[in-house]
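Single-structure report; data block below.
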Number of protein chains: 2
Amino acid sequence: MAGKSDVDALARMFKALANPNRLRLFMNLLEESKLDLAKGRVHDCFLAKLLGGLDLGAPTVSHHVKELSDAGLIHTQREGKQLICSVDPDGIAKLRAALTH
Amino acid sequence: MAGKSDVDALARMFKALANPNRLRLFMNLLEESKLDLAKGRVHDCFLAKLLGGLDLGAPTVSHHVKELSDAGLIHTQREGKQLICSVDPDGIAKLRAALTH
DNA sequence: CTTATAGTTTCCGAAGTATCGAACTGTAAG
DNA sequence: CTTACAGTTCGATACTTCGGAAACTATAAG
């Protein structure tokens with residue numbers, strides 16, 4: 001019967017996608033993932049690449065990435081100076097399951 | 001290349017699902033839809049039925065329903081004293097398309 | 001050690017959101 | 001006409017979010 005914490009976790013994911021700038025970051029990453037998968041490579045991407053025309057300051061981007069990550073939609077890891085991002089397939093699967101029902 | 005207004009409309013849908021109470025209303029409606037479809041009937045539902053244990057005042061529910069409706073996720077129509085709600089299949093399709101990419 | 005790069009943390013203000021109580025509208029029934 | 005019901009609108013309040021400025025950390029290069 002859809003426990004409270006399940007619903008809360010879902011709502012948190014939806015909230016992470018509820019801001020247009022954050023949504024665009026996420027969709028840019030999805031797009032990159034698709035391209036990389038087509039080449040048989042792991043899909044990941046460093047931050048600057050995700051901005052794609054967005055006019056946001058570094059602190060703001062950092063906040064947005066953290067929120068996507070906390071919501072369970074993306075995964076991040078440091079690599080030298082850069083932060084590498086990848087889509088979390090489990091997160092997307094949960095969202096899609098909720099909309100299929 | 002995902003126009004700005006497309007992204008904004010999508011973000012608005014996600015935002016409508018970003019509040020736990022509103023999400024629960026929507027999922028209750030989805031659940032009702034599923035049951036009704038199984039019986040070969042049109043899926044619709046009046047407001048009180050959607051609350052399912054939620055402890056919210058009438059004004060709050062009214063606001064939430066309006067937001068789901070404005071976002072394009074549900075459809076409403078008056079029937080006598082009651083407001084009948086139904087899922088908007090186009091809205092859900094757009095959300096799912098965005099997550100499939 | 002110094003400088004440059006990439007991102008983070010802290011703090012803040014402006015704007016937006018969630019919820020409620022009270023007063024209101026529209027519809028149906030007595 | 002009066003009452004009851006289902007939902008809406010208004011106004012207020014507490015809370016959250018978005019974005020940036022300034023100061024910070026970590027890594028790499030000269």
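Of the listed requirements (1) of a type in the set (A, V, I, L, M, F, W, C); (2) within 11 Å of DNA strand D (Cβ to nearest atom); (3) within 12 Å of chain B (Cβ to nearest Cβ), A:ALA98 misses just one: (2). Of all residues in region B:1-26, those that are closer than 15 Å to B:LEU95 by Cβ have Cβ atoms under 8 Å from Cβ atoms of residues that are among the aromatic types (Phe, Trp, Tyr), 6 or more apart or on another chain, in B:PHE14/A:PHE14; B:LYS15/A:PHE14; B:ALA16/B:PHE26; B:LEU17/A:PHE14; B:LEU17/B:PHE26; B:ALA18/A:PHE14; B:LEU23/A:PHE14. Taking the conditions (1) away from chain B (no Cβ under 14 Å); (2) more than 11 Å from DNA strand C (Cβ to nearest atom) in turn, A:ASP55 satisfies each one other than (1). Among residues of region A:52-74 that are more than 21 Å from A:LEU95 (Cβ to Cβ), none has a Cβ under 6 angstrom from a residue that is loosely packed, with under 13 Cβ neighbours inside 10 Å at a sequence gap of 6+ or on a separate chain. Against the definition (more than 16 Å from DNA strand D (Cβ to nearest atom), closer than 27 Å to B:LEU54 by Cα and at pLDDT below 95), how does A:GLY3 come out, yes or no? Judged against the criteria, A:GLY3 is a match. Checking each residue in region A:27-51 for being within 11 Å of chain B (Cβ to nearest Cβ), surrounded by 14 or more Cβ atoms within 10 Å (Cβ to Cβ) and either touching a strand residue (DSSP E or B) at 6+ places or on another chain (Cβ under 7 Å) or at pLDDT below 80 (or both) picks out A:LEU29, A:LEU30, A:GLU32, A:SER33. So B:ASP90 clears everything in (1) at pLDDT 95 or above; (2) within 14 Å of DNA strand C (Cβ to nearest atom) except one condition, right? Which one? Going through (1) at pLDDT 95 or above; (2) within 14 Å of DNA strand C (Cβ to nearest atom) one by one, B:ASP90 breaks only (2).
Considering only residues that are within 15 Å of DNA strand D (Cβ to nearest atom) and either on the phi > 0 side of the Ramachandran plot or within 14 Å of another protein chain (Cβ to nearest Cβ) (or both), which ones fall in region A:73-93? So that I can check it myself, show each step before the final result.
Just the residues of region A:73-93 that are within 15 Å of DNA strand D (Cβ to nearest atom), to begin with: A:73, A:76-84.
Passing the criteria: A:LEU73, A:GLY80.
The values are calculated or read from the model by the stated rules, or taken from the named source; none is laboratory data. Because the structure is predicted, anything quoted here is derived from the model rather than measured. So basically every Cβ, Gly included, is an ideal-geometry build from the backbone, and we count neighbours across all protein chains shown.
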